[in-house]
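Here the structure is laid out as structure tokens; the discussion comes afterwards.
Taken together, the values in this text are just the output of simple stated rules run on the coordinates, not laboratory data. Computed from a prediction, not measured in an experiment: that's the story for all the values here. Positions of Cβ are generated from backbone atoms using ideal geometry, with glycine treated the same way; all protein chains shown enter the neighbour counts.
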């Protein structure tokens, strides 16, 4: 047992991962799965890892390591209210029983005084400009509530993990000054996205453009679609594949753009979410990747495209430059002509496409989940010592 500042004695050999508020998809799932798979628990003194989350999430992150034990409860599989009840009535008994090191990867805090480490997971509730794209909707109200939850979590936490300096600096100064400790630990890149990077940059036939992301207002799919359709009208033989769920905020704008240009799927092609293996193939088949998001906590999709060796044109907003740096081109989503001009430049020059594609690939190789997992566990142990 180790004594820490508030008088509690924690059992350093037990790590409890409270992941009740992690959903069934996205970067949080990938991070949790890789952390459980890659972290060297035993050699850092952690002999038991307890994880509390819903059954669907656990099914996606579980592995056969004997050190990991799943603590199931029916409320964890329910909606927000049931999960809240679990945090209020069940979690305290678990903490009292095991007195573990507590890690909350989904941005949250226990409903009692207990030392913990959490993560800054979602930039939207903190970025008021982006949040206001949803003004007066239920989603906007939810983000307003989450904003206060996040700030409370940041202040109460013994340690906060951020994926880059950009998002840490987006935290309002009064909240930032109240944070006891923070660490910058970027996500990794799965090995599947590093294998067989693109080596052929000659465009054969159609100019194949790719954008991967679930549709949303801050993703600006309609801007990319209109750009492709305008290029088609200029005489370019282009094809744009939009990979990801097409249901959500921004769907009407996207449909309006396609209807205005009378496109019946000839230029803009919609592909629902695909498996990781198939997604790798979409990356490798594309000539140019476009990333039009204006609010990213990290930018996992951007990193995947970099790993595939694609030449990239990215939005110049948010944290994108912390990943892509000078290894691609940037555009303003509010100025469609800037995207058109960048696309024309890449389409016209095989040499430029190869230069940016290879540079982006080399930059992506710096990111791996082994380092991320090791640094995450080391930080948790250090802060909660």
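Using the Cβ-Cβ distance between residue 11 and residue 247 with R0 set to 35 Å, the FRET efficiency works out to roughly 0.20.
Stretched out fully, how many nm does the piece from residue 325 to residue 355 gain, at 0.36 nm a residue minus the Cα gap? Numbers along the way, then the final one.
Numbers: separation 30, 0.36 × 30 = 10.80 nm, distance 1.38 nm.
Fully extending the segment from residue 325 to residue 355 adds 9.4 nm.
Counting only alpha carbon atoms, the long axis of helix 27-38 and the longest principal axis of the chain meet at about 60°. Its residue count N sets the reference 2.2 N^0.38 Å, and the alpha-carbon radius of gyration of the stretch 191-364 equals 0.93 times that reference. Taking label positions 7 Å along the Cα-Cβ direction at both residue 67 and residue 255, the computed distance is 5.0 nm, reported to one decimal. Taking the convex hull of the alpha carbon positions in the chain and averaging its projected area over all directions gives 19.0 nm².
Nearest 10 degrees, 0 to 90: what angle lies between the long axis of helix 350-364 and the longest principal axis of the chain (Cα atoms)? Helix 350-364 sits at roughly 0 degrees to that axis. Model label points for residue 365 and residue 385, set 7 angstrom from Cα along the Cα-to-Cβ axis, are 3.5 nm apart. Annotation for residue 82 and residue 152: the two label points, set 7 Å from Cα along the Cα-Cβ direction, are 2.3 nm apart. On the principal axes of its alpha carbon atoms, the stretch 27-132 extends 46, 30, 27 Å, with the longest extent given first. Counting 0.36 nm for each residue step from residue 316 to residue 285 and taking away their Cα separation leaves a gain of 8.7 nm. The distance from the alpha carbon centre of the stretch 219-261 to that of the stretch 48-65 is 38 Å, rounded to a whole number. From helices alone, the chain scores -12000 deg cm²/dmol at 222 nm; the rule is -39500 (n - 2.57) for each run of n ≥ 4 DSSP H residues, then divide by the residue total.
The slack in the chain from residue 37 to residue 236, taken as 0.36 nm per residue of separation less the alpha-carbon distance, amounts to 67.1 nm. Sorted ascending by nearby beta carbons within 10 Å, beginning with the fewest, 222, 75 become 75, 222.
Counting only DSSP beta bridges with both residues in the chain, the antiparallel share comes to about 5 percent.
Note down, for the stretch 85-181, the three equivalent ellipsoid semi-axes (square root of 5 times each alpha carbon gyration tensor eigenvalue), biggest first, whole angstrom. Working shown, then result.
On the way: eigenvalues 132, 58, 19 Å².
Working through the eigenvalues yields semi-axes of 26, 17, 10 Å.
Going by neighbour counts of Cβ atoms within 10 Å, the residues 375, 344 line up, fewest first, as 344, 375.
Residue 266 to residue 344: FRET efficiency via 1/(1 + (r/R0)^6), r the Cβ-Cβ distance, R0 25 Å, to the nearest 0.05?
Working: r = 21 Å, r/R0 = 0.82.
The pair residue 266/residue 344 has a calculated efficiency of 0.75.
The angle between the Cα long axis of helix 369-383 and the main principal axis of the chain comes to about 30°, on a 0 to 90 degree scale. Residues 371, 237, arranged from fewest to most other Cβ atoms within 10 angstrom of their Cβ, appear as 237, 371.
Given a Förster radius of 35 Å and the C-beta distance between residue 59 and residue 334 as r, what FRET efficiency does 1/(1 + (r/R0)^6) yield to the nearest 0.05?
On the way: r = 41 Å, r/R0 = 1.18.
That gives a FRET efficiency of 0.25.
With Cα atoms defining each centre, the stretch 82-135 and the stretch 165-211 are spaced 24 Å apart in the structure.
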